[in-house]
1. GNM, the chain, Cα, under 10 Å: largest mean-square fluctuation among Leu65, Leu78, Leu37?
2. Fewest to most neighbouring Cβ within 10 Å: what's the order for Leu45, Leu154?
3. May I ask you to list the residues of the range 124-153 whose amide nitrogen lies under 14 Å from a point 7 Å from Cα along the Cα→beta-carbon direction of Ala92?
4. For Lys197 and Ala51 in the same chain, what is the full-extension length gain: residue separation times 0.36 nm, less their Cα-Cα distance, in nm?
5. Taking the Cβ of Ala175 as the centre, find all other residues whose Cβ is under 15 Å away and add up their charges (Lys, Arg: +1; Asp, Glu: -1).
6. So what's the net charge close to Val74: Lys and Arg +1, Asp and Glu -1, counting the other residues with Cβ under 11 Å from its Cβ?
7. Quick check: net charge around Glu44, other residues with Cβ under 15 Å of its Cβ, Lys/Arg +1 and Asp/Glu -1?
8. Between Ser177 and Thr106, what's the calculated FRET efficiency when r is the beta-carbon distance and R0 is 41 Å? Round to 0.05.
Amino acid sequence: MERLSEMMARVHAGFRRRLARGALLSDPHMQALHDRLLALAPRELVRRPIAETRFVVIDTETTGLHAYGGDEIVSIALLELQGLTPTGREFASLVNPGRPIPTASTRIHGITDADVAAAPVIEELYLDIAAFIGESVLVGHHLAFDIRFLNKTLQRELLCHLRHPGVDTMNLHLAVSGRMGHSSLEQAAAFVGVPLKDRHSALGDVRITAEMFRRLAPRVARPSRPTQELLLRQHGLPGI
């Protein structure tokens, strides 16, 4: 049977989420963000040269693998690149998932229920997260995993989802190395000589991924070429 403390934590989290949802209807900043996400022009973004494109690298740690099966984010980090150069802007936060963190997940990322007890729920962060992402091309290792978790919240709270183009460093590694199938972050990092510092923390992994991207991207497409070429070649398609 669920412990009373766990049940109350879930009830409290649900109440805070309902408050956040109601704010969409009355907060002009949130409504403006909703409109901005819907107005994003992905085709215009990818026509810019890689060297002039704003990239946002993303990583999340979660309670498990199933975004639509009850799992939630417990930590998130974002890092900004202008072209292939870090700007120094980063965003990182623990997240209260509103549910217990399984022991098996804690073994991987080291985050416990006690660590996130006083952390904000994702609904209290998505305004800052979406504002940081802004007009950008997203980068991640197994990027679709992170996007699923973010889109679940954005769809529920802002009634829209991320429409941003994305570059997966796993695909870049496969394209450059000639490997087939799956590529772990460890394998990709070793291939380009990036140290695994603070592995399995969102901020540590986002920094590793950003450095992998900086080293892999020029081997796939010249920085003077349109970003669309990078997106195509990560899937083995011919450039433009």
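1. Per the Cα network of the chain with a 10 Å cutoff, Leu65 tops the list.
2. So the residues, fewest neighbours to most, are Leu45, Leu154.
3. Zone members listed by number: none at all.
4. 49.9 nm
5. +4
6. Once positives and negatives cancel, what remains is -4.
7. In short, +4.
8. For R0 = 41 Å, the calculated efficiency reads 0.80.
Quick note: the coordinates plus some simple rules give every number you see, no bench work behind them. The structure displayed is predicted, hence computed values, not measured ones. Positions of Cβ are backbone-derived with ideal geometry, glycine not excepted, and every protein chain shown enters the neighbour counts.
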